[in-house]
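Input: a single structure, listed below in structure tokens.
What follows draws every value from the coordinates through simple rules; no lab data is involved. Predicted model only: the values in this text are computed from it and were never measured. Because the Cβ atoms are built from the backbone with ideal geometry, glycine has one as well, and the counts that use them run over all protein chains shown.
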Amino acid sequence: MSTDINPLVILFASVFTSNILLSNFLGMCSFISISKDAKSSFGLGLAVTLVMTITMVVSWAVLKFIVEPLNIGYLSFIVFIIVIAAIVQMLEMFIDRVSPALYLALGIFLPLITVNCAILGAILFMQIRSYDFFQALCFGFGSGAGWWLAIMLLSAIRKKVDAAPVSAGLKGPGITLITIGFMAMAFIGFSGMLAVQ
Amino acid sequence: MKKDSTSYTVWFTFVVSLFFVLLLAFANELTSGRVAANQRFAERSAILDSLGLKASGVAATDEAAALSAAALSAAAVQDASTSEAVDTVFDRSVSVITADSARFLLYKAVVDGEVRYAMGFSGAGLWGAILGVLTVNADVSRIRGLSIVAHNETPGLGGRITEAWFTDQFRDEQIPPAGIRVRQGSGAGDTNKDNGELDAVTGASLTSKSIEKIVNAQISVFRSLFEQGGLQ
Amino acid sequence: MNGAASSGKNKAWAVLRDNLWWNNPVFIQVLGICSTLAVTNNLTNTFIMTVGVSLATAFSSATLSAMNKAIPAKVRMITQVLVISFYVIIIDIVLRAYLPAVSKSLGPYVGLIITNCIIMGRAEAFARSNTPLLSFWDGLTSGIGYMAFLMGIAAVREFLGFGSLFGFKLAPPGFTPWTIMVMAPSAFFLVAMAMWALKSLQESMTAHKKGGKK
């Protein structure tokens, strides 16, 4: 029973008003650690967007053509994880072949993406909301792009924050979380822009 | 076979995966009956609640809750009349009428001496479908009840449409010719049953507007059934 | 992990102490943040979720530790994920069959236990080089350290955001709920402040004990 929400609305919402990171809290761990460095943030954000979009579409297809007909819904988690791991592995090999420079830049990030909760989380949301193909595509791309946007913004802010004198107990993850909190509040301001249905 | 050889790796992965998947299939089989019963309980409870019929809030399969309900009832803290099983009340009071135009079944029951009609609905919320049951009286002049079965709205915000203060607003609410309106109010529930207006959830204006659209759409369905003489 | 304890009982005690306080998975190791923020607007959900994480971590660590010698290097991560997924699915099945209301309100966050960095973290850091029994204990205590922190955050959020604790209305009638507590940003601020307070406390405890850690 898919809903009639316009895919473009989903795209906009997943980047701004329901940002996978700032509203749904997914993908925090690498977000907090990698945002220290702008270059790595760019690379990781790009990788996440790529992986998110591809895995979302593939998961949708697997769900529709394998899981549902065979009625193995209870195995969904394992199926999704395998899809993610497989795609990350294939992507790694593909990038290495096509552009060794990019492969070097992304480096360690690709295997880490496998356990990034944002990827699995977004796929689970797609399953629960019964999106059709275009909705899933927009949701996957939008979620990835939203994550990328958030990490770029945070790394820019952190450049200043990390240089500032902060109390010892708050240094590092503490002040980063407060910064993210303000970002989350700012993003809530977008929610009035959406005209739904 | 050396541990790091390719053949061992493949064999290992295959065997381990098969083992765990089989265990899961077994666990799933064991519990599928209960899961289906829980599902049916949730649907029937929503229909009864929307109609205004009282039944046990406890599923037959939910032993922990059953124990505490029995204890509360024994301590005379909880009304014993609400301990009748959902299936008992449902089978006794509710009859099913198939309406051709609708995707959902139409239910009919006599509650407090009045004939009421209930029908399930599925509409677009902010984040996914909102499923629920709406009950009206025989001439579609008043809503008798609304219950939300499932939704994907934000927990703590749009998700609050399942809370009693929100759904209770709809009970006995008059239906104006243009349909009901959900608007920003005190956020605590509109107690005026004759104005056709309901309070939205604070901080969840979009989800609340979706509810307005969905309920009005369902009211139209009831109205066309009424005009075609389908509601007797 | 500190402590040169030799006897099994001492090691178990060291593990408990570290996972609950000195090396707490959330406010020291900064793991499992995602779920910390997502489910803590409600004490009941938080409790069930953290029990689930504790059990999943304990059983996964124990199982992986037992399987240690047989796992080929190439598929180590995949095997970890497979075992963790298995236990999480079992938890999901149990919830859907016996606690359907909780299952519905936790929604997709049950599945997300699989990607909870705490479970993977303990599997990598501890289960690989310790016995199954100790790994089980490590997993369980990590989960309890996680639970303690989250319940604290949830208590504040639920009380200020809904005026209730575990669903029981406790606030006086005139109380206006702080809606922000139910929304995303408050979680970030509260976790940061709790981190600040607890880490500062740890610093002063360490400074007090001359000659380093216990």
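Of the peptides A:142-151, C:143-152, C:63-72, the ranking by mean beta-carbon count within 10 Å, highest at the top, reads A:142-151, C:143-152, C:63-72. Think of each Lys and Arg Cβ as +1 and each Asp and Glu Cβ as -1; about the Cα centre, that makes the dipole of the protein assembly as shown roughly 2380 debye. By the Kirkwood approach, averaging reciprocal distances over each pair of separate Cα atoms, segment C:1-79 gets a hydrodynamic radius of 15.0 Å. Going through the DSSP H helices of chain C, which span 20 Å or more along their own axis at the Cα atoms while scoring at least 0.0 as a mean Kyte-Doolittle hydropathy? Membrane-span-like by this criterion, though nothing is claimed about a membrane: C:43-67, C:76-98, C:132-162, C:184-208.
Taking 22 Å as the limit for the C-alpha separation, the pairs B:Lys54/B:Lys213; A:Lys64/B:Lys213; B:Lys193/C:Lys169; A:Lys39/A:Lys160; A:Lys39/C:Lys199; B:Lys108/C:Lys104 exceed it in the case of B:Lys54/B:Lys213; A:Lys64/B:Lys213; B:Lys193/C:Lys169; A:Lys39/C:Lys199; B:Lys108/C:Lys104. For chain C, what class follows from the C-alpha gyration tensor (a ≥ b ≥ c being the square roots of its eigenvalues): rounded when a/c is under 1.5, otherwise prolate if a/b is larger than b/c, else oblate? Cα axes put chain C in the oblate bin. Per-residue packing, averaged as other Cβ atoms within 10 Å, sorts the ranges B:187-198, C:118-129 into the order C:118-129, B:187-198, beginning with the highest.
For the peptide A:177-188, the mean number of other protein chain Cβ atoms found within 10 angstrom of a residue's Cβ is 6. Just the C-alpha atoms of segment A:107-197: what Rg/Rh do they give, with Rh taken as the Kirkwood radius? That ratio equals 1.05.
Residue by residue along A:164-173, Cβ atoms of other protein chains within 10 Å of the local Cβ number 4 on average.
Residue-wise HN-Hα couplings along segment A:141-146, as the Karplus relation 6.51 cos²θ - 1.76 cosθ + 1.60 with θ = phi - 60° gives them from phi, are 5, x, 4, x, 5, x Hz; Gly and Pro carry x. Footprinting exposure proxy ranking of B:Ser7, B:Ser147, fewest other C-beta atoms within 10 angstrom first, gives B:Ser7, B:Ser147.
Cβ crowding within 10 Å ranks C:Glu158, B:Glu114 as B:Glu114, C:Glu158, fewest other Cβ atoms first. Normalised by 2.2 N^0.38 Å, where N counts its residues, the alpha-carbon radius of gyration of the protein assembly as shown equals 1.02. In plain terms, the residue of C:Thr115, B:Thr31 with the fewest other Cβ atoms within 10 Å comes first and the most crowded comes last, giving B:Thr31, C:Thr115. Computed over chain A, the range of Cα coordinates on each principal axis works out to 59, 44, 28 Å, biggest value leading. When peptides C:179-185, B:11-17, A:12-18 are ranked by their average number of other Cβ atoms within 10 Å per residue, the highest-first order is A:12-18, C:179-185, B:11-17.
Taking 15 Å as the straight-line reach from the Cα of C:Lys69, the aspartates and glutamates in range (excluding those fewer than 8 positions away in the same chain) are B:Asp4, C:Glu124. Sequentially through segment B:189-195, phi angles give Karplus couplings (6.51, -1.76, 1.60; θ = phi - 60°) of x, 8, 8, 6, 8, 10, 9 Hz, Gly and Pro residues having no value and appearing as x. Look at where the Cα atoms of segment A:63-80 and of segment A:30-60 average out, and the two centres are 25 Å apart. Averaged over the residues of peptide C:98-106, the number of Cβ atoms from other protein chains lying within 10 Å of each residue's Cβ is 5.
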